[in-house]
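For reference, the structure is listed below as structure tokens.
The values are calculated or read from the model by the stated rules, or taken from the named source; none is laboratory data. The model shown is predicted, which means the values in this text are computed figures rather than measured ones. So basically every Cβ, Gly included, is an ideal-geometry build from the backbone, and we count neighbours across all protein chains shown.
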Amino acid sequence: MDASADGTDERRFSRKSVLRAAVAAGVALPVAMMGVPALARTVGQEGGLLEPTPMCDDGDDPTPPQTEGPYFKPNSPRRTSLVDAGTPGTRLTVTGYVFGLACQPIANALLDFWQADVNGVYDNTGFRFRGHQFTNANGAFTLSTIVPGLYPGRTRHIHVKVQAPGRPVLTTQLYFPGEPRNQTDTIFDPRLLMTVRSVGSGREAAFDFVLNVPQSSTNPTTTTTTTPSQPGGTWASGTNYVAGDQVTYGGAGYVCLQAHLAQPGWEPPNVPALWRAA
């Protein structure tokens, strides 16, 4: 959604940006700010205007999906940092929020990240540069990692799966601005560019996901899930499950893929990132 298709002032705040700031500050959002227009487009390397990253305004599209690629592995460890003191590479911190269609942040959304190392190599035997986490009560997430290396045929990118409780999985990729290979990578989508800046010897990036989750616009800071009727089985909300645990639900058996605390809406049939049929 463009801020000024007719040439008026484009330097305005997006509705999502206002909500993001309000959530970060822990303040209530004024009703008058609920109709703020979208930010101006990002200026491309050649001076042209790129299609804007999806802004969270009623009627706009959710974050675009992209291919999973050949290197996804289930059962990644739950962690917010993919690096330790000896990990080579330029440190990168990615922060952001997960929103629904009414610009309300989504708490307890699952984010599963994976990427190449500094040499452009994926760890397909272990879980280096792989990890999942959940958004906090304000819908926020933070990932500590490195700037991934390049490998033939692709520009620099980070893979991610995002899922609100009880909703379908969004699989997509995040990109870095100013990369020469952005012009030649056939998968690259400018709507998935992160905002990136250099900080000391490292870099900081930001990206907010907008999921295809219907919401009411009357409550700007919280989302709720409805506890479904229980069809029977050993799965139970509030239970800490680890990879390999087996449960039954609705007459079928399931095996846990990732350690997590079960919550309403995360019943095994609803979250293939957490459970597979036995």
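What do you reckon, is Asp123 surrounded by fewer than 16 Cβ atoms within 10 Å (Cβ to Cβ), among the charged types (D, E, K, R) and touching a strand residue (DSSP E or B) at 6+ places or on another chain (Cβ under 9 Å)? For Asp123, the condition - surrounded by fewer than 16 Cβ atoms within 10 Å (Cβ to Cβ), among the charged types (D, E, K, R) and touching a strand residue (DSSP E or B) at 6+ places or on another chain (Cβ under 9 Å) - is met.
For Val98, the criteria (1) outside any strand (DSSP E or B); (2) touching a Ser or Thr at 6+ places or on another chain (Cβ under 9 Å); (3) over 20 Å from Trp275 (Cα atoms) hold in every case but one, which is (1). Meeting the requirement of 3 or more residues that are at pLDDT 95 or above and among the β-branched types (Val, Ile, Thr), the strands (runs of 3 or more DSSP E) wholly within the range 127-242 are 140-146, 157-163, 195-199.
Within the range 228-252, can you find the residues that are in contact (Cβ under 8 Å) with a residue 24 or more places away in the chain and loosely packed, with under 15 Cβ neighbours inside 10 Å? Selection gives Pro228, Ala236, Ser237, Gly238, Gln246, Ala252. Among the residues of this structure, Thr53 counts as one that is modelled with pLDDT under 95 and under 17 Å from the mean Cα position of the chain (by Cα).
Go through the range 149-199 and give me each residue that's buried (at least 16 other Cβ atoms within 10 Å of the Cβ) and at positive phi. If the condition is that a residue be buried (at least 16 other Cβ atoms within 10 Å of the Cβ) and at positive phi, then Gly166 is the only one that fits.
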